[in-house]
1. Only one of Thr207, Thr221 is surrounded by fewer than 16 Cβ atoms within 10 Å (Cβ to Cβ) and either in contact with a helix residue (DSSP H, G or I) (Cβ under 6 Å, 6 or more places away or on another chain) or modelled with pLDDT under 85 (or both). Can you tell me which?
2. Every residue in region 100-151 that is open to solvent by 40 Å² or more (accessible area, probe 1.4 Å) and without any contact (Cβ under 8 Å) to a residue 40 or more places away in the chain, please.
3. With respect to Asp585, is the statement that it is exposed (fewer than 15 other Cβ atoms within 10 Å of the Cβ), at pLDDT 95 or above and of a type outside the set (Gly, Ala, Ser) true?
4. Restricting attention to region 316-330, does a residue exist that is within 16 Å of Ser351 (Cα to Cα), at pLDDT 95 or above, open to solvent by 30 Å² or more (accessible area, probe 1.4 Å) and under 27 Å from the mean Cα position of the chain (by Cα)?
5. Please state which of the following conditions Trp119 fails to meet, knowing it meets all the rest: (1) of a type in the set (Phe, Trp, Tyr); (2) in contact with a Leu (Cβ under 8 Å, 6 or more places away or on another chain); (3) over 30 Å from Cys325 (Cβ atoms).
6. Looking at (1) open to solvent by 10 Å² or more (accessible area, probe 1.4 Å); (2) over 19 Å from Thr339 (Cβ atoms); (3) assigned to a helix (DSSP H, G or I), which is the only condition Arg82 fails?
7. Among the listed residues Ala77, Ala73, which satisfies the condition of being touching a helix residue (DSSP H, G or I) at 6+ places or on another chain (Cβ under 7 Å) and farther than 30 Å from Asp388 by Cβ?
Amino acid sequence: MKTARKLLIIAGLIVIAAIITAVGLAYYTVRRPLPKQEGEIVVPGMQDAITVYRDSWGVPHIYAATPYDLFFAQGFAHAQDRWWQMDINRHIGHGTLSELLGENEEVQNADRLIRALGWSEIAQANWDAASSETRAALEAYAAGVNAYIMERSPGKLALEYSVLNLRMDDVEIAPWTPLDSLAWQTAFTWQTGGNAAREIENAQALTRVDESMLALYNPLTRPGTGPTILTAADLGLGESSAAAPDPGFIVPANVDYTRLPLDEALALFDLVGPRSMPDDSAWVVSGTMTTSGKPLLATAPGLPIQMPSAWYEIGLFCLELSTACPYSVSGFSLPGLPTVFIGHNERIAWSITSAWIDEQDILIISLDPDDPSRYAWDGGWRVMDVIDDTLAVNGLDDPVPFTIYRTHLGPVITMPPLSERDQAFVVHWTAQHTPVDPVGSLLALNRAQTWDDFRAALSTWGGTAANVLYADVDGNIGYQLAGRVPVRAGQHSGLLPVPGEDETATWRGFLPFDALPSVLNPASGAIVTANNPVVPPEYAAYLLTELGDTFGPDATYTLAVAWDSGYRAARIQERLLDQDTHTTDTFAAIQGDTYSAFAAEVMPYLLKLNLEDETLAEMQGWLGEWDFRFTIDSPQAALFAAYW
């Protein structure tokens, strides 16, 4: 009996010891990569002493004497808190995920598509075009990242390396470079501004329905059918101004979409980004609508939900503001890039949300049956660039070969072999055109002091076309559309794949910056953006008159036609008018508003449906009791979303 009791005690002690060991190991594994937040760290590469305060939320506030040290410390802090995210993102940007994640068909297909799209080459072109100031900021940032990562093993850098049990002997954690930042910026531009997949979806629909049914399946929100960001009065257009013709869905002649690899193309696009652009919103009011008498600005940037967030809150402060060190800015940054993306300095505040401008087209090329590396162009044949490339795959001894095909219009989107096809898709994208300096725009925006500074910074904007709101301490508010807006031919709406056989399919250029919609201190005292149309239809007619000599009398100036339906913008406007004056608390309430005006409009039609199934009829009645609020604990909200 005593022996048995002793054995039970010993077994219990062994179990307890095993549990303590496991808990201790788990604690060590989880805590090991976490950043040091107190005391001093001696880091080679700094020019002077840097102070980093972390507040109760863990947000770093960096104080330094030079821009170099500010961006060095930002890179260090980003790497401390988000290294795994940064490492994944740079592999996405370069199309080398397989090098890290190993043998997986979808990952390899994503790498092939990214390489075909040429994100690394775009990053290199942008680096070559960057100013000396931009290069200095990117190099300082990279030095800060490397000061953190190069002295640590994978297990000390990120929990994920240990949890995923990656074969780190097969892949070395390389130093961070400025090209890694720019490659990720290119990937971010694709993921937040792409609509190529929607063109493929529309073509898919046309293989099943006619053009009139397509308009019902994918209804287009026309400027004028809901609230626009800017009014005709804001733009200085008379009420009698004519509206330009709306191109709508223009189905190209002599195109048989059933013969095209639509499913394949859509599956590829799904690997590298969402099919539609992000839903987001922002609004600003002047001091006439606030308790303080000063402007208020709010924003809700709508990137896909992920953990950790795509955003990283931070403050960057020069110890003494001067021409040599002009930064006193805080807000949200993107891990992998220096500067603050959305935020405020001591004089101005700004928000950046997606403008839903159509920045991509899908072109259909015809291949030479005798030589598929040639494609029809302008009555003859033109030779593609054929690039033999390889994928390094973690766990495989030999790299996997593949081929990239590129035309002067853009890269070919296909799964090889090309020899089995007579047609193929090409992506025509703004980022493939003249190199830009996206970080330079952000640097200028971070230190802007006035409306003129703000607009000058956005005049070279190189990211996704954006709605950018403005407020300053002098009481001014404003709006500027930033980015490259393609000008198309009159018979090209940008909503469907079109033949790429001559110049009629290509763009005639981009709208000049001064032609992009803009307003300072509108009479209404408020500006709301929620992916609704930027301008009324009259603006396209105005551009047609102003720019006809530049782009031709038949050019299209509709900016885009696939806008949000306007429910969110109208709801924000309604909430702004609910009160005479606003505070940060009322703005927070608007940001947290869960009411769906869309659901409220659809519900009467849903309740009229004659449902023969008894269970469905019961659910229908229960749904009719809903208050149209998408709260976290509303089962009716979940049911409506599933139904829709």
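The values are calculated or read from the model by the stated rules, or taken from the named source; none is laboratory data. Predicted model only: the values in this text are computed from it and were never measured. Here the Cβ positions follow ideal geometry from the backbone for every residue, glycine too, while neighbour counts run over all protein chains shown. Accessible surface is based on the protein model in full, side chains and every heavy atom, while ligands, DNA and RNA are left aside. Shrake-Rupley method; radii C 1.70, N 1.55, O 1.52, S 1.80 Å.
1. Matching residue, one of Thr207, Thr221: Thr207.
2. Asn104, Glu105, Glu121, Ser132, Glu139, Met150, Glu151, listed by residue number.
3. Criteria met by Asp585.
4. For region 316-330, residues within 16 Å of Ser351 (Cα to Cα), at pLDDT 95 or above, open to solvent by 30 Å² or more (accessible area, probe 1.4 Å) and under 27 Å from the mean Cα position of the chain (by Cα): absent.
5. For Trp119, the failing item is (2).
6. Unmet condition: (2).
7. The unique qualifying residue is Ala73.
For every residue, the table says whether it meets (1) in contact with a strand residue (DSSP E or B) (Cβ under 8 Å, 6 or more places away or on another chain); (2) buried (at least 22 other Cβ atoms within 10 Å of the Cβ); (3) at pLDDT below 95.
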{"residue": "Arg455", "(1), (2), (3)": "yes, no, no"}
{"residue": "Val468", "(1), (2), (3)": "yes, yes, no"}
{"residue": "Ile477", "(1), (2), (3)": "yes, yes, no"}
{"residue": "Arg484", "(1), (2), (3)": "yes, yes, yes"}
{"residue": "Gly490", "(1), (2), (3)": "yes, no, yes"}
{"residue": "Val498", "(1), (2), (3)": "yes, yes, yes"}
{"residue": "Val528", "(1), (2), (3)": "yes, yes, no"}
{"residue": "Val535", "(1), (2), (3)": "no, yes, yes"}
{"residue": "Tyr539", "(1), (2), (3)": "no, yes, yes"}
